[in-house]
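Asker: Below is a structure I'd like to ask you about.
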Amino acid sequence: MRKYIAEAIGTMVLVILGCGTAMLVGCNAAQGGGYILTALAFGLSIVAMAYSIGNISGCHINPAVSLGVLLSGGMEPRDFAGYIISQCVGALIGSGILAMIFGLGGVTDMTGGLGTNGLAGVNGSAVAGLLVEIILTFIFVMAILGVTSKLAGHGSLAGLVIGFTLTGVHILGIGLTGTSVNPARSFGPAIVAAMTGNLAPMSSLWVFIVGPLIGAALAAFVYNYLESTVE
């Protein structure tokens, strides 16, 4: 149970800091600084959580990461289900907290939807958005599997590598899809936004669930193959 609580807390923090920063500074292509700040917020959230709950749950805080670990033999199916539920609950709580802070404080949400993902950057193309999410998640999960492998021996540096990788994929992806690479991160804000009357993010939510899961599965299969050749 402690692992599940840790995953819920970690995902909540990721949503609050990452999506909250996006809501505050905006993600307008004409203002690249907003991209960098949002990318750093997501990346630094991972670093902070990796060094605080990593020794408890592994700090997946992302269903796509959990899928990659499952397919690599790093966790049991029962734990996988528990992690997914915990991550989605954490994302919902984090999104609810953001809605209260911005609503009660009268702060303008510069994203228009609690930092939800969308397809505006790819001109509404679900296929393009799906491709972006598959590729970015593949890169992210490959980095995680590599840096946490027993063969790598990176130890205490893993959290930094993972955080910087998440920052990197956000720098490219924000202008295209808002960057999900994390179904829970997309699910929470979209559901809470819908509860407040903004149903728009729900129409493309499937892209940000299916894309990252496909990318993670591909990363697991590729990494497992590559690692098996050096054992």
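Asker: Using a Gaussian network model of the chain with C-alpha springs under 10 Å, which one of 82, 105, 118 is most mobile by mean-square fluctuation?
Answerer: 105
Asker: Right, next: Return the single residue from 220, 184, 128 with maximal mean-square fluctuation; model: Gaussian network over the chain, springs between Cα atoms under 10 Å.
Answerer: Sorting by GNM fluctuation, first place goes to 128.
Asker: 222 nm [θ] for the chain, helices only, -39500 (n - 2.57) per DSSP H run of 4+, per residue, to 500? Walk me through the numbers on the way to the answer.
Answerer: On the way: 9 runs with 157 residues, N = 231.
Value at 222 nm, helices only, nearest 500: -23000 deg cm²/dmol.
Asker: Turning to a different aspect of this structure: Which helices pass in the chain if a helix is a full DSSP H run, must span at least 30 angstrom along its long axis by Cα, and must have mean Kyte-Doolittle hydropathy not below 0.5?
Answerer: Values: long enough: 32-57 (36 Å, 1.32); 77-105 (42 Å, 1.21); 126-148 (32 Å, 2.49); 207-228 (31 Å, 1.50).
Helices meeting the criterion: 32-57, 77-105, 126-148, 207-228.
Asker: Of 167, 179, 196, how do they rank once you tally other Cβ atoms within 10 Å and put the fewest first? It would help to have the intermediate numbers written out before the result.
Answerer: Values: 167 19, 179 31, 196 13.
Exposure proxy ranking, most exposed first: 196, 167, 179.
Asker: Still on this structure: Provide 95, 228 in ascending order of the number of other Cβ atoms located within 10 Å of each residue's Cβ, fewest first.
Answerer: On the way: 95 28, 228 8.
Result, fewest neighbours first: 228, 95.
Asker: Rounded to the nearest 20 Debye, what is the dipole magnitude of the stretch 2-228 about its Cα centre when Lys and Arg each give +1 and Asp and Glu each give -1 at the C-beta? The partial results should precede the final answer.
Answerer: Working: 5 positive and 6 negative charges, 37 e Å.
Here the size comes out at about 180 debye.
Asker: Rank 149, 118, 177 by how far each Cα sits towards the positive end of the charge dipole of the stretch 2-228 (+1 on Lys, Arg Cβ; -1 on Asp, Glu Cβ) and give me just the farthest.
Answerer: Working it through, the farthest residue towards the positive pole turns out to be 149.
Asker: So what's the gap between the Cα centers of the stretch 113-155 and the stretch 173-194, to the nearest angstrom?
Answerer: Measuring centre to centre over Cα atoms gives 12 Å.
Asker: Also, I was wondering about something else. Which of 187, 97, 219 sits closest to the plus end of the dipole of the stretch 2-228, meaning its Cα is farthest towards the positive end, when Lys and Arg get +1 and Asp and Glu get -1 on the C-beta?
Answerer: Positive-most Cα among the choices belongs to 97.
Asker: Now, a different point. Between 56, 174, 84, which gets the highest mean-square fluctuation from a Gaussian network model of the chain, Cα cutoff 10 Å?
Answerer: Top of the fluctuation ranking is 56.
Asker: Excluding residue 65 itself, what net charge comes from residues whose Cβ is under 12 Å from its Cβ, given Lys and Arg +1 and Asp and Glu -1? Show your work: numbers first, answer last.
Answerer: Values: positive: 185; negative: 7.
Net local charge, residue 65 excluded: 0.
Each value in this text was obtained by applying a stated rule to the coordinates, not by laboratory testing. What you are looking at is a predicted structure, and each value in this text was computed from that prediction instead of being measured. Because the Cβ atoms are built from the backbone with ideal geometry, glycine has one as well, and the counts that use them run over all protein chains shown.
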